[in-house]
Amino acid sequence: MRAIRHYPRAVGRDVRAALRSVARERAALVTLIVLLVPWGALIFLRANFEWLSTFGGAAAIAFAYWWLSRSGGLPAPTVKYPRAESLFAFALIGAWIAWRIGTCGKHLPFLPTDFVCFKNLTFEIVPKLIEQVLLPFAVLFALGYRWRAQGLDVNGRAWWISSLALIGLLGYGVWLHWDHLPQFGERTVEYFFAAGLPEEMLFRALLLTRLEAWWRHSTLALLGSSIIFGLTHLPINFFVFTSRDPSEAWLTALTFQMGLGAVFAFAYQRTRNVLPLAVVHALVDAL
């Protein structure tokens with residue numbers, strides 16, 4: 001009982017300690033400023049404040065991960081060739097951007113005449129799984145990285161740290177889509193393979209950890225991987241989400257996608273496991 005009574009006090013103490021730590025670290029302050037400024041711009045660029053729910057949701061996910069991992073994040077795996085492996089990640093990202101532009105812009109001659117960009121199994125999901133999951137896994141496995149080093153082991157601690165975010169997102173999704181739960185379930189499974197698993201493998205398990213080893217700074221690696229994650233969504237934003245509005249495509253990339261990229265990167269640094277985070281990612285997209 002005494003432990004229960006003192007728990008809120010312990011949380012408050014940990015919050016104050018975390019805030020002091022951020023205030024003392026210049027890189028953390030720069031990261032917060034870079035991430036928050038685009039959101040602040042929405043105050044002047046939006047006629048309403050509906051975007052606050054998205055911002056609040058992202059902040060809630062980050063807080064949930066912090067709350068259940070207040071003892072700190074896990075150490076990054078040992079990286080054998082930080083610079084070369086980072087460049088490998090950049091090459092994969094560049095190739096995917098080019099593929100997205102080619103498919104969504106309908107610049108590729110072999111696309112069917114009735115092709116519709118986004119969530120297409122043949123030209124989107126399968127190529128993405130091959131390029132962002134199977135290929136990097138095979139290359140890293142050949143370099144000597146086994147399952148755990150690639151964030152793919154069965155890790156009870158990672159699932160526990162992710163449990164609050166998973167329960168919250170699942171509960172909100174059920175409440176939001178109560179009248180069509182089967183469709184919500186199908187969308188979640190679809191997004192797991194179309195976005196959650198491949199993007200967490202490429203941007204967190206591969207890119208983030210390599211930037212941590214190359215730059216030797218976890219906070220700057222978080223910021224760098226988040227910026228790259230946001231920018232890689234520009235083609236899909238332009239061609240699909242914003243109906244070819246370049247300003248909206250950039251704004252979406254620098255707020256929603258870069259912000260969630262930072263949240264997912266923070267979560268990965270706390271868990272070092274792809275699977276629960278891929279489910280969280282899929283639930284966010286399915287909402």
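Only the coordinates and a few stated rules stand behind these numbers; no lab work does. Because the structure is predicted, anything quoted here is derived from the model rather than measured. Cβ sites come from the backbone with ideal geometry, for glycine too, and all protein chains shown count toward neighbours.
So the values come out like this:
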{"read-out": "Efficiency of FRET between A59 and W160 - r from beta-carbon atoms, R0 22 angstrom, step 0.05", "value": "0.60"}
{"read-out": "Two-site FRET efficiency, Y172 against A98, from Cβ-Cβ distance with R₀ of 41 Å, rounded to 0.05", "value": "0.70"}
{"read-out": "Exposed GluC sites (Glu not before Pro) absent - longest run of the chain, DSSP non-H/G/I/E/B, at most 14 other C-beta within 10 Å", "value": "51-287"}
{"read-out": "At most 15 other Cβ within 10 Å, DSSP loop - chymotrypsin sites (Phe, Trp or Tyr not before Pro), region 123-168", "value": "W147"}
{"read-out": "Gyration tensor verdict on region 73-194 (Cα atoms; rounded if a/c is under 1.5, prolate if a/b is larger than b/c, oblate otherwise)", "value": "oblate"}
{"read-out": "Within straight-line cross-link reach of K128, lysines at Cα separation under 22 Å, skipping those fewer than 8 residues along the same chain", "value": "K106, K119"}
{"read-out": "Cα lying deepest toward the dipole's positive end in the chain, options A194, A28, P109, charges on Cβ", "value": "A28"}
{"read-out": "Bins of 10 Å from zero: percent of alpha-carbon pairs in region 24-286", "value": "7, 29, 38, 22, 4, 0"}
{"read-out": "Cα Rg, Dmax, region 70-131, angstrom units", "value": "17.0, 54"}
{"read-out": "Estimated inter-spin distance, L87 and R26, nm [label 7 Å along Cα→Cβ]", "value": "2.9"}
{"read-out": "Backbone N under 15 Å from the L143 label point (7 Å along Cα→Cβ), restricted to region 193-224", "value": "201-216"}
{"read-out": "Reach of K80 by Cα under 20 Å, taken over aspartates and glutamates that are not fewer than 8 positions away in the same chain", "value": "D153, E212"}
{"read-out": "Using a Förster distance of 25 Å, the FRET efficiency for W67-D179 (Cβ separation, nearest 0.05)", "value": "0.20"}
